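A short reminder: the numbers here are calculations on the coordinates, not readings from a lab. Since the model is a prediction, treat every value here as computed from it, not as a measurement. Because the Cβ atoms are built from the backbone with ideal geometry, glycine has one as well, and the counts that use them run over all protein chains shown.
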Amino acid sequence: MRVADTIAHPSMRIIIYTLEKHFYVEYEAGPMKQGFRFSKEQMGSLEGLKKIVNQSFHEQVETRFHDMHKQAMNAVQR
């Protein structure tokens, strides 16, 4: 796995890795991570992947990070 690219974002670190048959997109926010694997065959290229992993996709990831944070805080407070 090697880094293919990064995507600038104000609240998350976004790294795109390339594997033999897949692209792997990793999002980091604080202590949490989310990862998505996309077939290179379906995406066609790195640019094709970036069309899918767009602002709307980032917003959904951020929403999930907020939910993950709430879940972690609730678990700690029990």
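What the table below lists for this structure:
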read-out: Nearest-ten-degree value, helix 55-77 long axis tilted from longest Cα axis of the chain; value: 30 degrees
read-out: Length-normalised contact order of the chain in % [C-alpha pairs under 8 Å, at least 6 apart]; value: 17 percent
read-out: Among (1) 54, 35, 27; (2) 46, 23, 18; (3) 79, 37, 17, the entry that matches Cα extents along the principal axes in Å as calculated here; value: (2)
read-out: Filtered GluC sites (Glu not before Pro), the chain: DSSP coil and at most 15 other beta carbons within 10 Å; value: Glu20
read-out: Under 21 Å from the Cα of Lys70 - lysines, other chains or at least 8 residues apart; value: Lys33
read-out: In nm, spacing of pseudo-spin labels at Glu28 and His66 (7 Å Cα→C-beta vector); value: 2.4 nm
read-out: Nearby lysines by direct alpha-carbon distance to Lys40 (threshold 26 angstrom, same-chain neighbours under 8 apart not counted); value: Lys21, Lys50, Lys51
